[in-house]
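K.L.:
Just passing along the structure, written as C-alpha cells.
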Amino acid sequence: MFDTIKIDQFLPHPPAQVWRVLTEPELLARWLMPNDFQLKVGHRFTFKGTPIPKVKFSGIVQCEVLNFEAERRLCFSWVDHSGENELSSTVTWRMESEGQATHLFLEHDGFDLAHPLQQLSYQIMSPGWSRLMRQLVETLAAEDTLPTSNK
C-alpha cells in the first residue's frame, strides 16, 4: 500500500512571491535545503540535508524537474542518493490564487507502507514537511519587502 503526505496552507502572499520561494535556489535553501535547482523540465538537481541513519537516509536527495506551470504547479522526483531505503517518490506543489493571497498544496507521494524503512520515513517526513511549511511561511514573511521577479 502506497501513501501520500498532503499539506495545504493559506498564505497571505501573491502567487508570484510564493513561486519565488519554491523556485529560486537561494530562497529554496532558506526554508528547505541547499540545492542546485533550476526551473527547467529535465534538470537534475540535488538537495543536501542532514542524514537520518534510522531510516538509512543519506541526507542527499537526487531530484529531477518533471513538469511545471509557472505560478501554478511544480513537480519533481525525490530519490535518496544512497538508495538504501528504496524510496523513489514525487513532490508536487500546486498553487491556487485567492485574490492577493495563495493557497499552497503539497503532495509527496510514493511511500510504500509495506516497506519498513519507507513506513518510518513517512512517519518522520509527515511532521517534517509541516515544519518545513512553517519555515516557508517565515521565508515569505522575510521576503515581503522585496519586489517580485518575473522568473
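K.L.:
Under the condition of being free of Cβ contacts under 8 Å to residues at least 12 places away in the same chain, out of contact with any Phe, Trp or Tyr (no Cβ under 8 Å at 6 or more places or on another chain) and not charged (D, E, K, R), which residue from the stretch 107-133 is nearest to residue 55 (Cα to Cα)?
P.N.:
Going through the qualifying residues, I end up with 116.
K.L.:
So residue 130 ticks every box in (1) more than 14 Å from residue 32 (Cα to Cα); (2) open to solvent by 20 Å² or more (accessible area, probe 1.4 Å); (3) touching a strand residue (DSSP E or B) at 6+ places or on another chain (Cβ under 7 Å) but one. Which box is left unticked?
P.N.:
(1)
K.L.:
Checking residue 121 against (1) farther than 24 Å from residue 10 by Cα; (2) surrounded by fewer than 18 Cβ atoms within 10 Å (Cβ to Cβ): exactly one of these is not met. Which one?
P.N.:
Result: residue 121 fails condition (2) only.
K.L.:
Restricting attention to the stretch 91-101, does a residue exist that is in a strand (DSSP E or B), in contact (Cβ under 8 Å) with a residue 60 or more places away in the chain, among the aromatic types (Phe, Trp, Tyr) and buried (at least 18 other Cβ atoms within 10 Å of the Cβ)? Outline the logic, then answer.
P.N.:
Residues of the stretch 91-101 in a strand (DSSP E or B): 91-98, 101.
This time we only want the ones that are in contact (Cβ under 8 Å) with a residue 60 or more places away in the chain, so: 93, 95, 97-98, 101.
Within this subset, residues satisfying the condition of being among the aromatic types (Phe, Trp, Tyr) are 93.
From what's left, buried (at least 18 other Cβ atoms within 10 Å of the Cβ): 93.
The answer is yes, given that some residue of the stretch 91-101 is in a strand (DSSP E or B), in contact (Cβ under 8 Å) with a residue 60 or more places away in the chain, among the aromatic types (Phe, Trp, Tyr) and buried (at least 18 other Cβ atoms within 10 Å of the Cβ).
The values are calculated or read from the model by the stated rules, or taken from the named source; none is laboratory data. Remember, predicted model here, so these are calculated numbers, not experimental data. Cβ sites come from the backbone with ideal geometry, for glycine too, and all protein chains shown count toward neighbours. Note: areas computed on protein heavy atoms with side chains; ligands, DNA, RNA excluded. Shrake-Rupley method; radii C 1.70, N 1.55, O 1.52, S 1.80 Å.
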